[in-house]
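**Student:** First, the structure itself, so that you have it in front of you.
The values are calculated or read from the model by the stated rules, or taken from the named source; none is laboratory data. Because the structure is a prediction, the values reported are computed rather than measured. With ideal geometry, Cβ positions are generated from the backbone for all residues, glycine too; neighbour counts draw on all protein chains shown. Side chains are part of the model used for accessible areas, which takes the heavy atoms of the whole protein and leaves out ligands, DNA and RNA. Shrake-Rupley method; radii C 1.70, N 1.55, O 1.52, S 1.80 Å.
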Amino acid sequence: MAILRIYFRVLGMLGAEKRLAILLIGANLALAVAQFAEPVLFGRIIDALTGSAGDPSKVTWSQLGNLIWLWIGFGLFTIAAAVLVALHADRLSHRRRLVVMAEFFEHVLHLPLGFHTGVHSGRLLKTMLDGSSGMSSVWLSFFREHCASFVSLFVLLPATMFLNWRLGALLVVLVFVFGAITTYVFHHTESLQGEVETFHTDLAERASDALGNIAIIQSFTRVEAEAVSMRRISDALLKAQMPVLSWWAIAAVATRASATLTILAVFLLGTWLFMRGQATIGEIVMFMNFAGLLVGKLESTVTFANWLFMLAPKLREFFDVLDAQPGVRDGPGARDIGKLTGRVAFENVTFSYDGRRNAVKDVSFVVEPGQTVALVGATGSGKSTTLGLLHRVFDPNGGRVAIDGIDIRDMTLTSLRANIGVVFQEPMLFARSIEENLRIGKPDASDAEIALALERAQASDFVARQSDGLATIVGERGRTLSGGERQRVSIARALLKDPPILIFDEATSALDATTERLLQKALEAATQGRTTFVIAHRLATIRNADRIFVFDQGQVVETGSFEELVALNGRFAELARAQFMAEAVAKDGIAPAQ
Ligand code: ADP
Ligand code: MG
């Protein structure tokens, strides 16, 4: 069963705690044995007493002494084992929970952007928290309880057959009945519970999506509508959950009923065997005790099965993420290439997201160190994908990308990305201070370096105006700054890294003209002496480029300087007329080159 595989996988993930785990398993074994030993000793003492046939003078302490000492011995042993388990099971599971969570987090950070665009962050967060606390409760309950139960059920119970095989066999039959009931309910509800879990995750995703877009929800007066759609998911969830609960309630009732039947059956069979001389009174008492013990264990096992069953989908989601392999990884021969000069070559590069349609088709070009290249073309023509291939968000399906003549797949990812600064369209900032956000570019940057980067990014003035200067916290995703300010911080961040290659993916397209002109200066300063790729729609940015690549349906259809391309009067001229001639004339009064 898949659920058992998940269970064993969790139990196997004890990492550095393996030795303690083995010790705890030992303690559990001892506890299980001790629990079974008590009824045996009790039964033997009763047999000794009843064997005297009502003549007290026949009973001697020396006869009972050994049994009583044994009993005391077992009692003390049980206390020691119980103390060990109580002290360490909790600690172990808490420690492991945090370790597993950290591992999951690191793994997720390594997964490619392609993975993250497909999965909502709210969903991942829930999977991480639910999965790791679920695992911790699996360990805890295993070491506190279930390990001992399993030993009792699968080892000690069959061993009772040696004490009285007829009564023992009755108990074994009972365990099978319980097993059958539980398995039946399992099969009936497994897929249903998977559905329930999907609703839970939808709920988390929906909530975090709404919280991330509070401004939209309020301004579009969507509060009511969002709340309603949330309730709709909860209703669907409850509707799916109810039948599962009913099935497990039936299992619980059946368990309870067969428990009563069992005790009665042991008593009746015992009495009958006694009358035929095939069982002693001590044995009847012993097996009545076993039956009580067993019923307790079975009930807790059914509860456990039910609980594991509810937990399994959460753990499965956790493992699914954990098993996702980063598509882009360091190859076996990857090496640290240090600082590059920035000669970028695309050689017949082809890439497809879905394996059917090529987003980038047979693209070839060479850009010399220090050159600035503008990528233009309609949306969806493959500009971002091309630059994504340069910093290995994904690898090409055909052809190769080389920097300074080295295939970028032969470089370690860390050293490749250390050489490339990216300024995204959405200037993503952390909800930390401006300084911390900048230091992401270079953790050990000196104050002078930070000041210089801010200066170049035209950001010094507004940072100085902030209430706490560099120490100002910028809010989630940098919300407390304006778009232009955010963008300048993110340019400063890229500059601090001092990379030989810079990428601006529509970094200025969301800004107003005044802000953009400010940024334009920042860009010019930033691109000095670096190979720069700019995706832009504005004339000013494009005119400053040394070369322009015109994209159409994943291919580079024209290349050249602004003047050359206008003179060519082809695709670029057409784009130019549509996009920025009007803009140029109206706003800047810049006449397009002839
Ligand atoms: P541009 O940056 O020029 O607007 P893109 O490189 O983003 O274009 O997109 C090129 C093509 O690839 C488009 O058809 C787009 O729909 C597709 N595409 C982009 N990103 C993804 C993605 N993450 N998954 C699937 N298809 C994508
Ligand atoms: Mg794009």
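**Student:** Specify the residue that is surrounded by the fewest Cβ atoms within 10 Å (Cβ to Cβ); the eligible residues are those in the stretch 367-377 that are closer than 19 Å to GLY421 by Cα and within 16 Å of ligand 2 (Cβ to nearest atom). Steps first, answer last, please.
**Tutor:** Just the residues of the stretch 367-377 that are closer than 19 Å to GLY421 by Cα, to begin with: 367-375.
Retained after the next criterion (residues that are within 16 Å of ligand 2 (Cβ to nearest atom)): 373-375.
Working: VAL373: 19, ALA374: 24, LEU375: 25.
The qualifying residue surrounded by the fewest Cβ atoms within 10 Å (Cβ to Cβ) is VAL373.
**Student:** OK, next. For the stretch 341-372: of the residues being closer than 15 Å to VAL557 by Cα and touching a residue at least 60 places away in the same chain (Cβ under 8 Å), which is farthest from ligand 1 (Cβ to nearest atom)?
**Tutor:** Ranking the candidates gives SER364 first.
**Student:** Then there's this: From the list SER352, SER364, pick out the single residue that is closer than 13 Å to PHE551 by Cα, among the hydroxyl-bearing types (Ser, Thr, Tyr) and away from ligand 2 (no atom under 16 Å from the Cβ).
**Tutor:** SER364
**Student:** Let me ask something additional. Can you run down the residue pairs with Cβ atoms below 9 Å, 6 or more apart or on separate chains, where the first is in the stretch 113-129 and within 16 Å of ligand 2 (Cβ to nearest atom) and the partner is modelled with pLDDT under 85?
**Tutor:** Pairs that qualify, where the first residue is within 16 Å of ligand 2 (Cβ to nearest atom) and the partner is modelled with pLDDT under 85, are GLY114/GLY327; GLY114/VAL328.
**Student:** Here is a follow-up. Just to be sure I understand, how many residues within the stretch 447-469 are surrounded by 15 or more Cβ atoms within 10 Å (Cβ to Cβ) and either among the polar types (S, T, N, Q) or on the phi > 0 side of the Ramachandran plot (or both)?
**Tutor:** Selection size over the stretch 447-469: 3.
**Student:** Give the stretch 502-554 a look and list any residue that's on the phi > 0 side of the Ramachandran plot and not charged (D, E, K, R), or say none. If you could, list the steps in order and put the result at the bottom.
**Tutor:** Within the stretch 502-554, the first condition is being on the phi > 0 side of the Ramachandran plot, and the residues that meet it are 506, 529, 553-554.
Of everything in the stretch 502-554, those that are on the phi > 0 side of the Ramachandran plot and not charged (D, E, K, R) turn out to be GLY529, GLN553, GLY554.
**Student:** In this structure, is THR271 over 16 Å from GLY194 (Cβ atoms) and open to solvent by 60 Å² or more (accessible area, probe 1.4 Å)?
**Tutor:** Working: over 16 Å from GLY194 (Cβ atoms): yes; open to solvent by 60 Å² or more (accessible area, probe 1.4 Å): no.
In short, no.
**Student:** Those residues that are out of contact with any Pro (no Cβ under 7 Å at 6 or more places or on another chain) and in contact (Cβ under 8 Å) with a residue 24 or more places away in the chain, I need them from the stretch 325-338; list them, please.
**Tutor:** The initial filter retains those residues of the stretch 325-338 that are out of contact with any Pro (no Cβ under 7 Å at 6 or more places or on another chain), namely 325, 329-338.
Matches in the stretch 325-338: ARG329, ASP330, GLY331, GLY333, ALA334, ARG335, ASP336, ILE337, GLY338.
**Student:** I would also like to ask the following. Do you know which residues across the stretch 323-344 are buried (at least 18 other Cβ atoms within 10 Å of the Cβ) and in a strand (DSSP E or B)?
**Tutor:** Matches in the stretch 323-344: VAL344 only.
**Student:** Please specify each residue of the stretch 459-504 satisfying the condition of being acidic (Asp, Glu) and at pLDDT 85 or above. Quick ask: steps written out before the conclusion?
**Tutor:** Narrowing the stretch 459-504 to residues acidic (Asp, Glu): 461, 468, 476, 485, 498.
Of everything in the stretch 459-504, those that are acidic (Asp, Glu) and at pLDDT 85 or above turn out to be ASP461, ASP468, GLU485, ASP498.
**Student:** Just to verify a result, which residue in the stretch 503-544, among those that are part of a loop (DSSP other than H, G, I, E, B) and of a type in the set (A, V, I, L, M), is farthest from ligand 2 (Cβ to nearest atom)? Steps first, answer last, please.
**Tutor:** Going residue by residue through the stretch 503-544, those that are part of a loop (DSSP other than H, G, I, E, B) are 506-512, 528-530, 536-538.
Checking which are of a type in the set (A, V, I, L, M) leaves us with 507, 510-511, 536.
Values: ALA507: 11, ALA510: 12, LEU511: 16, ALA536: 11 Å.
Only one residue tops the list, namely LEU511.
**Student:** Something else about it: Within the stretch 200-221, take every residue that is hydrophobic (A, V, I, L, M, F, W, C) and open to solvent by 50 Å² or more (accessible area, probe 1.4 Å) and give me the one that is nearest to ALA2 (Cα to Cα).
**Tutor:** First, the residues of the stretch 200-221 that are hydrophobic (A, V, I, L, M, F, W, C): 203-204, 207, 210-211, 214-217, 220.
With the extra rule that they be open to solvent by 50 Å² or more (accessible area, probe 1.4 Å), the set shrinks to 211, 214-216, 220.
Working: LEU211: 35, ILE214: 40, ALA215: 44, ILE216: 43, PHE220: 46 Å.
The selected residue is LEU211.
**Student:** Go through (1) of a type outside the set (D, E, K, R); (2) more than 16 Å from GLU197 (Cα to Cα); (3) modelled with pLDDT of 90 or more and name the single condition MET242 misses.
**Tutor:** (2)
**Student:** Pick from LEU84, LEU156, LEU98, LEU124: which is surrounded by fewer than 16 Cβ atoms within 10 Å (Cβ to Cβ) and not in a loop (DSSP other than H, G, I, E, B)? It would help to see each step written out before you state the result.
**Tutor:** Values: LEU84 fails: surrounded by fewer than 16 Cβ atoms within 10 Å (Cβ to Cβ); LEU156 fails: surrounded by fewer than 16 Cβ atoms within 10 Å (Cβ to Cβ); LEU124 fails: surrounded by fewer than 16 Cβ atoms within 10 Å (Cβ to Cβ).
Sole residue among the options that is surrounded by fewer than 16 Cβ atoms within 10 Å (Cβ to Cβ) and not in a loop (DSSP other than H, G, I, E, B): LEU98.
**Student:** Please enumerate the residues belonging to the stretch 393-436 that are among the acidic types (Asp, Glu), within 28 Å of ALA457 (Cβ to Cβ) and part of a loop (DSSP other than H, G, I, E, B). Working first, answer last.
**Tutor:** Going through the stretch 393-436, the residues among the acidic types (Asp, Glu) turn out to be 395, 404, 407, 410, 426, 435-436.
Applying the additional criterion that residues be within 28 Å of ALA457 (Cβ to Cβ) yields 404, 426, 435-436.
Of everything in the stretch 393-436, those that are among the acidic types (Asp, Glu), within 28 Å of ALA457 (Cβ to Cβ) and part of a loop (DSSP other than H, G, I, E, B) turn out to be ASP404, GLU426.
**Student:** Taking the condition within 16 Å of ligand 1 (Cβ to nearest atom) and either surrounded by fewer than 15 Cβ atoms within 10 Å (Cβ to Cβ) or at pLDDT below 90 (or both), does ALA540 pass?
**Tutor:** Details: within 16 Å of ligand 1 (Cβ to nearest atom): no; either surrounded by fewer than 15 Cβ atoms within 10 Å (Cβ to Cβ) or at pLDDT below 90 (or both): yes.
No: the conditions fail for ALA540.
**Student:** Taking the stretch 416-428 on its own, how many of its residues are under 16 Å from LEU496 (Cα atoms), open to solvent by less than 10 Å² (accessible area, probe 1.4 Å) and away from ligand 1 (no atom under 16 Å from the Cβ)?
**Tutor:** Residues meeting the conditions: 3.
**Student:** List every residue pair whose Cβ atoms lie under 9 Å apart, where the two residues are 6 or more positions apart in sequence or sit on different chains, the first residue falls within the stretch 250-263 and is open to solvent by less than 50 Å² (accessible area, probe 1.4 Å), and the second residue, located anywhere, is acidic (Asp, Glu) and assigned to a helix (DSSP H, G or I).
**Tutor:** THR255/GLU299; ALA259/GLU299
**Student:** Would you mind telling me which numbered condition in (1) over 19 Å from GLN371 (Cβ atoms); (2) crowded, with 16+ Cβ neighbours inside 10 Å; (3) among the hydroxyl-bearing types (Ser, Thr, Tyr) THR531 fails?
**Tutor:** (1)
**Student:** Which residue is modelled with the lowest pLDDT, if the candidates are limited to the stretch 378-406 and must be open to solvent by less than 50 Å² (accessible area, probe 1.4 Å), over 19 Å from VAL422 (Cβ atoms) and within 16 Å of ligand 2 (Cβ to nearest atom)?
**Tutor:** ALA378
**Student:** Under 7 Å between Cβ atoms, which residue pairs at least 6 apart in sequence (or on different chains) link something in the stretch 492-517 that is within 15 Å of ARG456 (Cβ to Cβ) with a partner that is modelled with pLDDT of 90 or more and open to solvent by 30 Å² or more (accessible area, probe 1.4 Å)?
**Tutor:** Matching pairs, first to second residue: LEU496/GLU449.
**Student:** For the stretch 439-476, how many residues are more than 19 Å from THR515 (Cβ to Cβ), among the charged types (D, E, K, R) and in a helix (DSSP H, G or I)?
**Tutor:** Here the count works out to 4.
**Student:** All but one of (1) within 18 Å of the chain's Cα centre (by Cα); (2) modelled with pLDDT of 90 or more; (3) more than 24 Å from LYS297 (Cα to Cα) hold for ARG91; state the number of the condition that does not hold.
**Tutor:** Condition not satisfied by ARG91: (1).
**Student:** So which residues in the stretch 378-397 are in contact with a Phe, Trp or Tyr (Cβ under 6 Å, 6 or more places away or on another chain) and within 21 Å of ALA573 (Cβ to Cβ), if there are any at all?
**Tutor:** Listed by number, the residues that qualify are SER381, GLY382, LYS383.
**Student:** For the subset of the stretch 373-386 comprising residues that are out of contact with any Asp or Glu (no Cβ under 6 Å at 6 or more places or on another chain) and assigned to a helix (DSSP H, G or I), which member is farthest from GLN555 (Cα to Cα)?
**Tutor:** THR385
**Student:** Got at least one residue in the stretch 475-489 being within 36 Å of the chain's Cα centre (by Cα), away from ligand 1 (no atom under 16 Å from the Cβ) and hydroxyl-bearing (Ser, Thr, Tyr)? Spell out how you get there, then give the answer.
**Tutor:** Initial filter on the stretch 475-489 (within 36 Å of the chain's Cα centre (by Cα)): 475-489.
Adding the requirement that they be away from ligand 1 (no atom under 16 Å from the Cβ) leaves 475-489.
Right, trim to hydroxyl-bearing (Ser, Thr, Tyr) and you get 480, 482.
Within the stretch 475-489, one or more residues are within 36 Å of the chain's Cα centre (by Cα), away from ligand 1 (no atom under 16 Å from the Cβ) and hydroxyl-bearing (Ser, Thr, Tyr).
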